Amino acid sequence: MIPALVVFAYLAVVLYIGIFAFRISRRKNDAEDYFLAGRSLGPTVFLLSLFGTNMTAFSILGASGHAFANGIVTFGLMASSSALIIPVGIFVIGKRLWALGKRNGFITPVQMFRDRWECRHIGTVIFAVQAVLLVPYIIIAVMGGGTTLLAISGGVIPYWLGGLIVSSVVMSYVFLGGMRGTAWVNTLQTVLFLLFGTIAVVVIGRGMGGFSEAMEAMLASPVTAPLLTRERVSPLYFFSYTFIPLSSIAFPHICIFCLTARSGTYFRKTVVLYPICMLFIWLPSVFLGVVANQAKALPAIETKLEARAQLATQSAALSPDDRARLRAQASGDDVILKLVEGYAPLWLASLLGAAVMAAVMASDSQILALSTMFTEDVFAFYQGTARFGQAVQVLTGRAFVILVTIVAYVIALRLPQSIFDVATQYAFAGYAALAPLLVAALFWRNSTRWGALASTLWTAAAVAAVAACQTLIPAPPPGSEVVVWSLNDVRIITRGAAGTLVLGLLPVVPMTIVSGFLMIAVSLATLSASKPGAVTLARYFR
């Protein structure tokens, strides 16, 4: 329990940061200070908190777990394209959004959409879809918190209790500190998990007797050698992942973070520093996930490998319940924690456990973003602030923080999928499909509110269809597929062990392409009737 106690001490520290931020925000008690920290974040806090809010449990637990099952290709799937697309998106789109927000007083992206397209209730529809799509990202934190405390406590703290503890702490400091507290905590967390990767690789490498021998043993085995190649991933599937990073700048919490910068010059540094930070996180996480396949001396890893082998050889003869049980045993979401526990000394394992927890808790920004959007885009828009004042608006935002956390916790307890699959199939796919809204609003004069509505409704319907497919059709054995829809012997939609595919591609690809097409086609068809006025366009296109 010593590592768990160290993690609890870390949780107490971040909770105190939230209390300290609350003392500052209480003096002003206005919405802009609570939700945007008064647009006053300095360069260091802005960069580290912006990066930290993107590097959640998905980047450490999810990446290592996916690499454990699929190999080194995980780095190519996510980190390579993300290191280019995300910082460029933040620089090109985020900086323009920051300038418009500062000039017009925007606090959320939906406020900008409403002003840009001169719409009212369509903005509410966009808010509703964005809110629903952000919940899976928050669920990832609950899953990561439960997984982390379960692993580092040796099973003493059950999954449900670990998720509850982490959810409560995150909810508390977001509730108290708002954006200021969230940014400060994210800065601390980013420093911790940036240090984690380098230290973990050195310590675990020594514990295993050197990585060179482990790699040579993996290459010599026909079972593990494919993990060091791209053999298990088709070219179409690999190409699909280049669409995933488009979701980053479309996430409301990233858009809102862009509005908190004190100066527009801060965005230049992200283009250079963001890829470097990604390297420090993703390379160790993926590498350790792969090398865990050779850590057979650890009983916990050996159990996972046996469950995976049984799934591969006997899956067809097993019942769906037995397959689900073995899939849970073979899951690699906690594999990096098992390596730390098995090869690091106790004091260092405790500190590394706290660093992993720091990454897990980076979903605080998503919770705050949902609260911000609800209070600004619904409560304030429908005259709540005008009737009851800004103090009640802030109180409403805090109440929404509690509600969102409870919903995410309940769903996380019932979700059987891995962290990586939940993120890519729902949160990332949905927001990548919403990226055309942001691009059209900021860079295309002829975009209209009806084009935005068509794109939004398509995204909601597509994500709902994927969720229905995942829920109604049980995951088949590894290496096989269930045909959901075919046409003239062409498999159009299939259900695989890792999720749904469309013509061999992740759903994010057709979702994003169709979304962009609808934005263009419907906007052109409705341009004469719903084009924004000249005054509005002049504010956006000088």
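Where a number appears in this text, it was derived from the coordinates with a stated rule and is not lab data. Note that the coordinates shown come from a computational prediction; the quantities given were computed from them, not determined experimentally. Ideal geometry is used to build each Cβ from the backbone, glycine not excepted, and the neighbour counts take in all protein chains shown.
Here are some notes:
- Residues listed by number, the stretch 494-509, amide nitrogen under 19 Å from Ala324 label point at 7 Å toward C-beta: 495-500
- Solvent-free Debye scattering, log10 I(q)/I(0), computed from the Cα coordinates of the stretch 231-279 at q = 0.15, 0.31, 0.33 Å⁻¹: -0.60, -1.13, -1.13
- Counting only Cα atoms, the stretch 286-331 measures 32, 20, 15 Å along its principal axes, largest extent leading.
- Per residue, the convex hull spanned by the Cα atoms of the stretch 339-393 measures out at 74 cubic angstrom.
- Note that the stretch 174-302, at 20 °C in a medium of 1.002 mPa s, gets a Stokes-Einstein diffusion coefficient of 118 µm²/s from its Kirkwood radius over C-alpha pairs.
- Stokes-Einstein diffusion of the stretch 187-248 at 4 °C, 1.567 mPa s viscosity, Kirkwood radius from Cα pairs, rounded to a whole number: 87 µm²/s.
- Site pair Leu188 and Arg230 shows an inter-label distance of 4.2 nm when each label is modelled 7 Å from Cα along Cα→Cβ.
- Helix-derived mean residue ellipticity, 222 nm - over the chain, DSSP H n ≥ 4, -39500 (n - 2.57), to 500: -22500 deg cm²/dmol
- Inter-part distance, the stretch 486-513 to the stretch 332-358, computed on C-alpha centroids, equals 37 Å.
- Considering the stretch 172-215 at the alpha-carbon level, its Rg and Dmax are found to be 17.0, 50 Å.
- With 10 Å bins beginning at zero, the pair-distance distribution over Cα atoms of the stretch 95-241 amounts to 9, 17, 27, 26, 14, 6, 1 %.
- Computed log₁₀ I(q)/I(0) - Debye formula, equal Cα scatterers, no solvent, the stretch 471-542, q 0.18 Å⁻¹: -0.78
- Cα-based convex hull, the stretch 1-99, per residue volume (Å³, whole number): 139
- For the stretch 382-517, the alpha-carbon coordinates run over 61, 44, 19 Å along the three principal axes, in decreasing order.
- Two-site FRET efficiency, Ala529 against Ala12, from Cβ-Cβ distance with R₀ of 45 Å, rounded to 0.05: 0.20
- Using a Förster distance of 56 Å, the FRET efficiency for Glu213-Ile406 (Cβ separation, nearest 0.05): 0.70
- Estimated inter-spin distance, Arg398 and Leu279, nm [label 7 Å along Cα→Cβ]: 4.4
- Spin-label model, Lys296/Leu413: points 7 Å from Cα along the beta carbon direction are separated by 3.9 nm.
- The chain: proportion of alpha-carbon pairs further apart than 33 angstrom, %: 39
- Protection proxy ranking of 485-498, 184-197 - average other beta-carbon atoms within 10 Å, highest first: 184-197, 485-498
- Gain upon complete extension [Trp444, Tyr382; 0.36 nm per residue less C-alpha separation]: 19.5 nm
- For Lys338, a cut-off of 30 angstrom between C-alpha atoms picks up these lysines, skipping any fewer than 8 places away in its own chain: Lys296, Lys304.
- Length released on extending from Arg542 to Thr313, taking residue separation times 0.36 nm less the Cα-Cα span: 76.1 nm
- In this calculation the C-beta distance from Thr198 to Glu481 is compared with R0 = 35 Å, giving a FRET efficiency of 0.30.
- Considering only Cα atoms, the convex hull volume of the stretch 244-393 works out to 216 Å³ per residue.
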